[in-house]
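The values are calculated or read from the model by the stated rules, or taken from the named source; none is laboratory data. What you see is a predicted model; the values in this text were computed from it and never measured. Note that each Cβ is placed from the backbone with ideal geometry, even for glycine, and that neighbours are counted across all protein chains shown. Surface accessibility is based on the protein's heavy atoms, side chains included, excluding ligands, DNA and RNA. Shrake-Rupley method; radii C 1.70, N 1.55, O 1.52, S 1.80 Å.
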Amino acid sequence: MTNEEAHRLAREKGVSRPLYAFVRALVAPFLRIWFRMHVSGAEHIPESGAAIVAPNHKSFWDSFFIAVCTRRHVRYMAKTELIEARYGRLLVRLGAFPVRRGQSDADALQTAKTVLEQGGVLALFPEGTRIRDPEELGHPKRGAGRLALETGAPLIPAAITGTEQLFLGPIPKPRRVQVAFAEPIAAHELASTPEAAGALVEEKLWPEVEGEYRRLKARPTAVAAGLAALGLGGGLLVQRQRRAAAAKRSRLPWRR
């Protein structure tokens, strides 16, 4: 499928409702159960109207995890190579449209604007590419801010952890994936300028994404600390019980 065909299909027909529902019914239980998904703040995604969900990016699977968090159809950009593959039409009918990475892509921008003007939900990764280091985030680009200013769609900061290295070959690892959404950032009252787009992303959007990301990263550490504390407490309890049992045995008549 060519880029031109993909953009036309994405703008004119968009998501196939039966196909999206079928794939979601298959994928959602697996993602939620196997990867022990924990989702917070999903209520910040509006029930209707245009919205831009802006998460950090660690894995090809990030879009799928974001989509599982809402009943609404989520649209997203996919690199041209994926759309040109044999399964490209399937991806487009599941919400994707192509983008040429590393260069200005007017077609992708226009399709994104069309999705928002139609009242859709667009998942857009401000980093522009996957940042594989699980401890670090990349530097955001201002594309999400530009779209928000030009369409009036609110920005929904989001963070996702645990999606890097999900598979060992074809075998899924039992990782824990966490997704969090922060409160929407309104952009409809701001001037649509490059400077305003940059400030919107760097001063408002990205600090929220970073804050949610650090919070999610700290959460498993807190749980592990709690388990360790329970383990330590359990060990002390066992030691006390053993000492008490030994003292009791020493008092028995046959011990004298």
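In table form, for the structure just shown:
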read-out: Residue identified as among the β-branched types (Val, Ile, Thr) and touching a His at 6+ places or on another chain (Cβ under 9 Å) among 171, 160, 185; value: 160
read-out: Residue that is nearest to residue 141 (Cα to Cα) [pool: residues in the stretch 66-90 that are open to solvent by less than 20 Å² (accessible area, probe 1.4 Å) and in contact with a Pro (Cβ under 9 Å, 6 or more places away or on another chain)]; value: 78
read-out: Filter result (farther than 15 Å from residue 70 by Cα and either open to solvent by 50 Å² or more (accessible area, probe 1.4 Å) or hydroxyl-bearing (Ser, Thr, Tyr) (or both)) within the stretch 27-49; value: 30, 33, 34, 36
read-out: Failed item, numbered, when residue 95 is tested on (1) on the phi > 0 side of the Ramachandran plot; (2) surrounded by fewer than 21 Cβ atoms within 10 Å (Cβ to Cβ); value: (2)
read-out: Complete set of residues in the stretch 33-80 that are among the acidic types (Asp, Glu) and within 9 Å of the chain's Cα centre (by Cα); value: 62
read-out: Residues of the stretch 28-67 satisfying the condition of being in a strand (DSSP E or B), of a type outside the set (A, V, I, L, M) and closer than 22 Å to residue 200 by Cβ; value: 55
read-out: Qualifying positions in the stretch 173-183 - surrounded by fewer than 23 Cβ atoms within 10 Å (Cβ to Cβ) and either at pLDDT 90 or above or in a helix (DSSP H, G or I) (or both); value: 176, 182, 183
read-out: Single match in 186, 191, 196 (criterion: at pLDDT 90 or above, farther than 21 Å from residue 139 by Cα, over 17 Å from the mean Cα position of the chain (by Cα) and open to solvent by 10 Å² or more (accessible area, probe 1.4 Å)); value: 186
read-out: Sole exception among (1) within 19 Å of residue 43 (Cα to Cα); (2) open to solvent by less than 10 Å² (accessible area, probe 1.4 Å); (3) assigned to a loop (DSSP other than H, G, I, E, B); (4) not aliphatic (A, V, I, L, M) for residue 163, by number; value: (1)
read-out: Residue that is most open to solvent (accessible area, probe 1.4 Å), among those in the stretch 6-18 that are over 10 Å from residue 95 (Cβ atoms) and of a type in the set (A, V, I, L, M); value: 9
read-out: Sole exception among (1) at pLDDT below 95; (2) under 27 Å from residue 38 (Cα atoms); (3) assigned to a loop (DSSP other than H, G, I, E, B) for residue 70, by number; value: (1)
read-out: So residue 201, is it within 16 Å of residue 52 (Cα to Cα) and within 15 Å of the chain's Cα centre (by Cα); value: no
read-out: Any pair with Cβ under 7 angstrom, 6 or more apart, that starts in the stretch 185-209 at a residue that is farther than 22 Å from residue 123 by Cβ and ends at one that is among the aliphatic types (A, V, I, L, M); value: 196/149; 196/190
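Yes/no per residue for (1) open to solvent by 90 Å² or more (accessible area, probe 1.4 Å); (2) in contact with a Gly (Cβ under 9 Å, 6 or more places away or on another chain); (3) modelled with pLDDT under 60:
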{"position": "202", "(1), (2), (3)": "yes, yes, no"}
{"position": "213", "(1), (2), (3)": "no, no, no"}
{"position": "227", "(1), (2), (3)": "yes, no, yes"}
{"position": "240", "(1), (2), (3)": "yes, no, no"}
{"position": "250", "(1), (2), (3)": "no, no, yes"}
{"position": "253", "(1), (2), (3)": "yes, no, yes"}
{"position": "256", "(1), (2), (3)": "yes, no, yes"}
